[in-house]
Each structure stands twice: as C-alpha cells, then as structure tokens.
Amino acid sequence: MLGAKAKMKAKRSARAMRRQGPAKRRKPAVTAKARPAQSFTVSHHREEDFRGDGLRAYARYRDLGLKQATHGMVQAHVIRLIPPCRPADVSKRHYHEVDFQMVYVLKGWMKTELDGQGAILMKEGSCWIQPPRIEHAVLDYSDDCEVLEIVLPADFKTVELE
C-alpha cells in the first residue's frame, strides 16, 4: 500500500505527464547503428559521364557520386534509356534486393508494370517508390527517356525472373 507521500508524488507525476502531451511520453527512438561520416559531393552534367557499364545493356548511367560520399549507403544515378525501345530486350520481369528505391522521370515517358499495380505510364515529372523486392518490368519508353533513380543500399542484387 502506498503512503500519503508516495500517492501525492504519483499524482504530481501523472499531472506532469498529461501537461507534456503524448510526444514527451513516448519512449526514445532506437538509434541506428553508427555510420561513417558522409562527405560533400557535387555532380555537374557532362555528356561523357553517361556510361554503358550499368545494370542494363539498353541504358546509359550517370553516377552522381553518392555511393562514395555515403560509404555505400546510397546509390543515385541518372539513367538514359537507349532508343528505340525493344520490348523483347527490356520487358523482363525482375526485382531488386533493396531497402529503398525511388524513380523520378526527368524527360520523356516510361511504361512499367509493377506487381499488384498493373501497367502504369510514367511521364515527365512522375515519381514512384518501388517497395523492396516488388516484381516489375519495363514495357516501353520514349526515345528521350531519362530517369533519376535513388537506391539504398548502393550495392544490391537484381533477380531476373524470366
């Protein structure tokens, strides 16, 4: 049984918690594992930076330098799809073993099919997140298609399904 002093202290504590609101009552967030410090980087557009040594043979990739600056935490590149689109070459179902993947259409358009979403026409200014391991395929793209892709982690595996 609580004594008078203990009861009074408990009441004061309960009143203080109510005044603080729910944000103050929450448990502290679990902190992420310490990561190496990130470094400043800048990438200016240069045509010679588009290379054919990326994931897909039908694309040229311009690395934006985030992999080095974040010690492998993030990969960001501009992908320029090579015309003309040949569906037999590009429309292979696959998924990526990633934690995060975002794509933003810079120029042109791309038609893609994502598991559970069906075929979607992504136009200049369209942005989407592909959840980890979602099966998808590129169906078609315009001759001027360029996208910005940001992926975590920088090194990831792609699993071809066809």
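Every number in this text was worked out from the coordinates using simple rules, so none of it is lab data. Predicted model, so just to flag it, every value in this text is computed and none were measured. Neighbour counts run over all protein chains shown; Cβ positions are idealised from the backbone, glycine included.
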ask   = Taking the Cα centre of segment 47-160 as the origin, how large is its charge dipole in debye, to the nearest 20, when only Lys and Arg (+1) and Asp and Glu (-1) carry charge on their Cβ atoms?
value = 120
Between segment 86-107 and segment 124-162, the alpha-carbon center distance in angstrom = 3
query = Measuring from the lowest to the highest alpha carbon on each principal axis, how far does segment 98-162 reach, largest first, in angstroms?
reply = 27, 23, 18
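Counting other Cβ atoms within 10 Å, keep those with at most 11, restrict to DSSP loop, and tell me which GluC sites (Glu not before Pro) in segment 89-137 are left.
When the GluC sites (Glu not before Pro) of segment 89-137 are filtered for loop state and at most 11 Cβ neighbours within 10 Å, nothing remains.
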ask   = If we sort 52-65, 34-47 on the protection proxy, mean other Cβ atoms within 10 Å, highest first, what's the order?
value = 52-65, 34-47
inquiry  = Placing unit charges on C-beta atoms (Lys and Arg positive, Asp and Glu negative, everything else neutral), compute the dipole magnitude of segment 120-160 about its Cα centre in debye, rounded to 20.
reply    = 300
inquiry  = For segment 47-160, compute Rg over Rh where Rg is the Cα radius of gyration and Rh is the Kirkwood radius from the inverse mean 1/r over Cα pairs.
reply    = 0.93
message = Could you work out the relative contact order of segment 47-160? I mean the mean sequence separation of Cα pairs under 8 Å and 6+ apart, divided by the number of residues, in percent.
response = 33
